[in-house]
Amino acid sequence: MDFQEFNFNPELFEGLLAMGFRNATPIQQEAIPLILSKKDLIACAQTGTGKTGAYLLPIMNMITGTEIRHNNTLILAPTRELAQQIDLQVEALSYFTNISSLTVYGGGDGIAYEQQKRSMRDGVDIIIATPGRLISHLSSGALKLDQLQHLVLDEADRMLDMGFYDDIMRIVSFLPKERQTVLFSATMPPKIRKLASTLLSNPEQISIAISKPAAGINQQAYIVHDSQKVKLLTELMKNVDFPSILIFASTKEKVKNLGKVFRGLGFKAEAFHSDLGQKEREAILLEFKNKRVPVLIGTDVLSRGIDVEGISLVINYDVPHDPEDYIHRIGRTARAATTGTAITLVNDKDKRKFANIEKLIERQIDRMPLPEHLGQAPDQSSIKEETSADRKPRKPQQRKFWKKKSKPAGSA
């Protein structure tokens, strides 16, 4: 479906064309008409499906045609990184319009806080915020949202996982009851449906590819001992051309250690964790986005907080505890109809968690043979026994990545 069919404001449509967007994704095709008709909406869509544009475009189009522009729209996001990325999309799409936006999140200095207060008093079209800092402004009286027309909760499931339920309800108490509310979530557990029933009025519902990885992701798994993980990844990363690699580990301490290990092995890698200052985190993400840092290591905060095109490989150094986090992690690759590779390293203690992932996605992930020189791999039978009744028959398929990169003539 061509974006032209939505009859957007000419200046907004010009911004779309300037960004190279022509056709709407499935979630955009379904959500945009409903939001334009001012209906409340609860939408479930996996990462990388264009969900941000699905709510930004219709809301921005309505803003261009309304007289009430003072703090017109509030978008709540779970992390400052996601809030910043949403703001970047607003900035790009509104290039030819006069739509204004403001990001509100913690971690800045007093000067940033005062700048936020001034902008809110003057009024902007769209406020993108994390719950904690927004409550601070609302409680102080610096921010008035009595004219708000649109409320968006992006990645609502992640906000609830992070303990923001009470904060969300407190924020809503400052909002007018007559408003349009849109809730986007990558998963739809009962707690999200309960939240939706509280905040939304007769909502329409959309579900696009719920809890399934994108088709363009080549999913692989290596059954390994912990002592074999770094050796395996080192060989993979040295012998195969992956220009942009995202590695997920289970703890902040492990992220820090892996950063040191891979830098010691000669890789240009950065560890991304909460002990870094905000400016340091932003600088690292910019370096990764611009491909100046090819390897980024982080915890699950990154799985929802990073929006970088062209990530070619996602590695789960540890199997995530929650099967749905696996989907968010590997969803960082194969975005916008591209392809990518996701590799998961599974040790003995993580076999049951890995079996739960395969049960959720309703397929067996390809088992890759461990190179012989790395030693004997753990037994794989326990994984098969745990999930054999849950899987659909699937012809085994193995795609190896052990073909060496070509070397320049005369090299050793």
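Principal axis extents of the Cα atoms in region 1-41, from largest to smallest and rounded to whole angstrom, are 30, 20, 14.
Once you charge only the Cβ atoms, +1 for Lys and Arg and -1 for Asp and Glu, what is the size of the charge dipole of the chain about its Cα centre, to the nearest 20 debye?
Numbers: 55 positive and 49 negative charges, 276 e Å.
The dipole of the chain has a size of about 1320 debye.
The radius of gyration of the Cα set in the chain, together with its Dmax, comes out at 22.5, 73 angstrom.
Measuring how big region 217-387 is from its alpha-carbon positions, Rg and Dmax come out at 15.4, 48 Å. GNM remark for the chain: springs join alpha carbons under 10 Å apart, and the peak mean-square fluctuation among 54, 77, 112 falls on 112. Placing +1 on the Cβ of every Lys and Arg and -1 on the Cβ of every Asp and Glu, with no other charges, gives region 194-300 a dipole of roughly 240 debye about its Cα centre. Can you give me the Cα centroid spacing of region 186-235 and region 1-29 in angstrom? Here the answer is 27 Å between Cα centres.
Let me have the relative contact order for the chain, percent, based on Cα pairs under 8 Å that are six or more residues apart.
Here the relative contact order equals 17 percent.
Using a cut-off of 10 Å between beta-carbons, work out the net charge of the residues near residue 316 (Lys and Arg +1, Asp and Glu -1, residue 316 not included).
Counting the neighbours of residue 316, the net charge comes to -2.
From most to least packed by mean Cβ count within 10 Å, the peptides 157-165, 321-329 give 321-329, 157-165. With kT/(6 pi eta Rh) evaluated at 25 °C and eta = 0.890 mPa s, and Rh the Kirkwood radius from Cα pairs, region 3-208 diffuses with a coefficient of 144 µm²/s according to Stokes-Einstein.
Of the GluC sites (Glu not before Pro) found in region 55-139, those in coil by DSSP whose Cβ has at most 14 other Cβ atoms within 10 Å are 67. Charged neighbours of residue 94, selected by a Cβ distance under 13 Å, balance to -4 (K, R count +1; D, E count -1). Of the residues 220, 377, 338, the one whose Cα sits farthest towards the positive end of the charge dipole of region 217-387 is 338 (charges of +1 on Lys and Arg Cβ, -1 on Asp and Glu Cβ, taken about the Cα centre). Extension gain for residue 275 to residue 230 (0.36 nm times residue separation, less C-alpha to C-alpha distance): 13.8 nm.
For the chain, the longest principal axis of the alpha carbon atoms and the long axis of helix 252-264 meet at an angle near 60°. Amide H contacts under 5 Å for residue 152: 74, 75, 76, 182, restricted to partners 5 or more places along the chain or on a different chain, H placed in the peptide plane at 1.01 Å from N. Extent of region 91-160 along its three principal axes (Cα atoms, max minus min coordinate, largest first): 33, 31, 25 Å. Available extension along the chain between residue 173 and residue 1 is 58.1 nm, counting 0.36 nm per residue and deducting the alpha carbon span. What is the spin-label model distance, in nm, from residue 115 to residue 359 if the labels are put 7 Å beyond Cα along the C-beta direction? Label at residue 115, label at residue 359, 4.9 nm between them.
Give 117/256; 256/289; 39/194; 231/349; 252/291; 268/349 a once-over and call out the pairs whose C-alpha atoms are over 26 Å from each other.
With Cα atoms farther than 26 Å apart: 117/256; 268/349.
Taking the 0 to 90 degree range and rounding to the nearest ten, how far is the long axis of helix 131-140 tilted relative to the main principal axis of the chain, both from C-alpha atoms? Between the helix axis and the principal axis of the chain, the angle is about 30 degrees. Helix 351-361 and the long axis of the chain differ in direction by around 50°, with both axes built from C-alpha atoms.
Here, each number is a calculation from the coordinates, and none is a lab measurement. Computed from a predicted structure; not experimentally measured. In this analysis, Cβ positions are derived from the backbone assuming ideal geometry, glycine residues included, and neighbour counts consider all displayed protein chains.
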